[in-house]
Amino acid sequence: MVNELLYVIPAGKYGKNELIELLKEHSEIKFVSLVGIDLAGNDTDEKIPMELFLKDMDEFFQGSAVQTDGSSVVLTGIATLNNAKVDMPADSNVNWFVDYNYNYIDEVKGKPVGTLRIPAFLVHNGLRVDSRAILADSLSYIKSELISLFKKYPKVAGLEHINGEEIEDIIFTSGTELEFWVKTPVDKAEVAELSASQTMQEQYWQRTRGSVRTALEQTIVMLDNYGLKTEMGHKEVGGIKATIDEAGNLTHVCEQLEIDWRFADALQAADNELQARIVVKEVFRANGLEVTFKAKPIIGVAGNGEHTHVGFAAKMKSGKLINLFAPTNMKEDFMSAVGYGSLMGLLKNYEAINPFITATNDALNRLKPGFEAPVCIVTSLGHTPEIPSRNRTILAGLVRDVNNPLATRFEVRAANPYTNTYVALSAIYLSMLDGVKAVVASGKNTKEILAELSKEAGTPGFYLETDRAYRSEHDVFEDYEEDERNRLFGKPPATVWENMENLKKFPAKTEVIKAGNILRQEILDAFVAGALIRWSTELLKRIIPENLAIVKAAKPLHDADSAVDYDLYLWDKVNSLRLELAKDTVAQKSIFTRVNDAVAAGDYDTASALQIEMYGKVEELKIAYAKYKRNII
């Protein structure tokens with residue numbers, strides 16, 4: 001039965017009449033859902049009877065068949081209550097996926113009922129304002145700019161084997177790697193046990209077992225059914241060994257997995273990632289397992305990353321495909337001038353990119369020194385062109401294979417599974433364009449460009465900032481002190497507020513991502529406003545209550561007869577922290593209350609500073625209480 005299902009309708013494969021016949025043949029596909037992506041990365045989902053879609057198909061592509069209320073999607077400040085109508089035209093230029101409900105079987109066909117998910121745009125007042133449109137329009141603009149650049153500069157350093165005037169098209173490629181935690185419902189594992197297992201590397205690339213193995217294997221097969229071409233599924237660093245109950249079933253499952261699939265055109269790659277998340281959740285749920293893609297679901301243990309690979313190639317008039325990052329001589333140069341320029345643009349302007357990659361409290365919880373989560377704006381290329389980089393501590397790494405120039409690309413390591421990949425890729429590629437333009441126009445050779453990328457802080461350059469360094473082949477966590485890291489590579493934002501403020505703090509870099517007027521000010525303001533609403537709401541409604549629970553759970557365990565002076569010392573320290581965090585007096589308000597007051601007053605600078613202080617105090621409390629508990633016998 002499974003082999004008879006229709007999983008994907010490839011872009012451009014069917015004409016209108018052929019499509020109608022195909023969907024009539026697969027009558028188990030009973031619904032259509034237009035999938036628009038708002039500025040928070042949320043996807044819309046609705047159930048439209050298939051007969052309506054077949055009857056009014058043209059209207060679905062014109063955008064007149066389906067509308068939504070702007071209050072139902074995150075378009076903050078754009079779709080207002082008195083002007084809320086948002087049209088949803090379907091996108092025929094990408095693959096469409098069929099989402100099956102395996103709990104609902106069509107009585108006639110004997111197959112699960114399906115919903116055809118058609119990617120769409122969100123249009124307000126005649127303008128496309130959604131994340132998919134931002135990426136599509138950005139790529140169109142960048143393509144035009146690059147083709148014009150190559151016509152002006154047909155010979156580029158490191159690309160001596162091609163003539164820029166012969167470039168017919170630019171193809172943008174991207175790929176993401178999805179990490180996630182999986183567990184049995186209700187069961188919880190101790191952070192100390194997870195941390196110990198991680199340190200001892202007991203889980204990484206180990207054999208999967210039981211329901212986890214079944215779900216992983218089923219997921220890989222299912223992703224291939226959808227045409228994603230899975231390359232690997234494996235256990236990640238986090239997790240503990242499960243136990244077996246009397247019936248032979250695994251219980252107390254808590255482990256981290258990763259699934260990788262083949263790259264695609266950038267817009268299709270972002271659509272593929274969304275479908276992959278759906279498949280993973282549904283398949284694991286069917287096996288009695290919960291999945292979370294949160295960036296840092298368990299504080300103190302490795303979080304979930306989503307390393308994002310980016311690159312672009314030229315399609316020549318001859319039909320040949322040329323990777324524009326790869327140099328003419330792979331053994332002499334790391335990259336071409338275009339590759340260097342792209343990487344330099346990404347690094348120089350990262351303060352304006354980061355808000356779109358790291359937009360939540362959860363995301364920032366993951367980006368701490370250690371756990372292979374990058375906090376520094378720095379790259380690694382490798383010690384020589386023939387020895388690829390294996391540095392896992394940097395923000396953006398060069399991935400290359402001397403024997404396969406088409407594999408040359410960058411891996412941006414800061415993203416997480418809930419990063420809005422559409423908008424993040426837009427900002428990344430627009431920044432890369434800025435660097436390419438500067439490097440190509442400079443006329444410098446690849447050795448001179450490499451020298452600039454490798455310069456020490458304090459050395460002037462033709463493009464990169466004088467007071468910063470941008471390349472390191474060291475472990476940036478172990479080989480640099482925090483102050484030195486901040487001086488060389490910039491101080492990372494500690495809160496969502498600090499990250500969003502960087503768009504104002506670095507106006508020249510923000511102008512770079514506004515090129516082409518796609519990430520225009522209206523869109524930036526809407527994205528920031530939405531992010532800050534979520535940040536402040538989560539701070540008050542989730543983070544403070546969770547921390548209050550930690551405070552209340554820290555109760556005295558000693559008694560007067562058995563307590564020693566060290567017990568009293570530790571408890572006094574614990575209780576002082578409890579009071580500072582949560583107890584108001586006439587003379588002094590607690591940190592929790594001061595955070596609430598600052599948010600209510602719109603004083604986000606103070607709220608942000610207090611959030612940092614609160615995190616430090618809560619961590620100090622947890623450590624102190626753990627010591628106190630250990631000493632009680």
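Read-outs throughout are calculated quantities, based only on the coordinates presented, and are distinct from any laboratory measurement. All values reported here derive from a predicted model rather than from experimental measurement. Neighbour counts are summed over all protein chains in view; Cβ atoms, including those assigned to glycine, are modelled from backbone coordinates with ideal geometry.
Between rounded, prolate and oblate, where does the chain land on the alpha carbon gyration tensor, with a ≥ b ≥ c its root eigenvalues, rounded for a/c under 1.5, else prolate if a/b exceeds b/c? Verdict is oblate for the chain. Only lysines eight or more places from Lys235 in sequence, or on another chain, were considered; those with a Cα closer than 28 Å are Lys183, Lys188, Lys281, Lys294, Lys296, Lys368.
Distance cut-off 18 Å, Cα to Cα: go down the list Lys30/Lys85; Lys16/Lys109; Lys552/Lys617 and report the pairs above it. Please report the intermediate quantities before stating the final value.
Details: Lys30/Lys85 27 Å; Lys16/Lys109 24 Å; Lys552/Lys617 14 Å.
Pairs exceeding 18 Å: Lys30/Lys85; Lys16/Lys109.
With a 10 Å Cβ neighbour count serving as the proxy for reagent exposure, in which order, fewest first, do His307, His558 appear?
His558, His307
Might you report the magnitude of the Cβ-based charge dipole of the chain about its Cα centre, with Lys and Arg at +1 and Asp and Glu at -1, to the nearest 20 debye?
Numbers: 71 positive and 90 negative charges, 97 e Å.
Here the size comes out at about 460 debye.
Cα centroids of region 91-132 and region 415-473: how far apart, whole angstrom? So the separation of the two Cα centres works out to 38 Å.
Straight-line cross-link partners of Lys151 among the lysines, defined as a Cα under 16 Å from its Cα and at least 8 positions apart when in the same chain: Lys143, Lys315, Lys317, Lys437. Available extension along the chain between Ser148 and Asp45 is 33.1 nm, counting 0.36 nm per residue and deducting the alpha carbon span. Helices that extend 20 Å or more along their long axis by alpha-carbon positions and average at least 0.0 on the Kyte-Doolittle scale are, among the DSSP H runs of the chain, 131-152, 210-225, 266-286, 421-442, 521-538. Counting only the Cα atoms, region 2-128 fills a convex hull of 115 Å³ per residue. Here the gap between Val402 and Asp479, fully extended at 0.36 nm per residue and compared with their Cα-Cα distance, gives a gain of 24.9 nm.
List the trypsin sites (Lys or Arg not before Pro) within region 297-387 that fall in a DSSP loop (any state other than H, G, I, E or B) and whose Cβ has at most 12 other Cβ atoms within 10 Å.
Working: sites: Lys315, Lys317, Lys320, Lys331, Lys348, Arg366; in loops: Lys317, Lys320, Lys331.
The qualifying sites are Lys317, Lys320, Lys331.
Taking 7 Å steps out from each Cα toward its Cβ at Arg285 and Tyr104 produces label points 1.2 nm apart. Mean projected area of the convex hull spanned by the Cα atoms of region 472-609, taken over all viewing directions: 13.8 nm².
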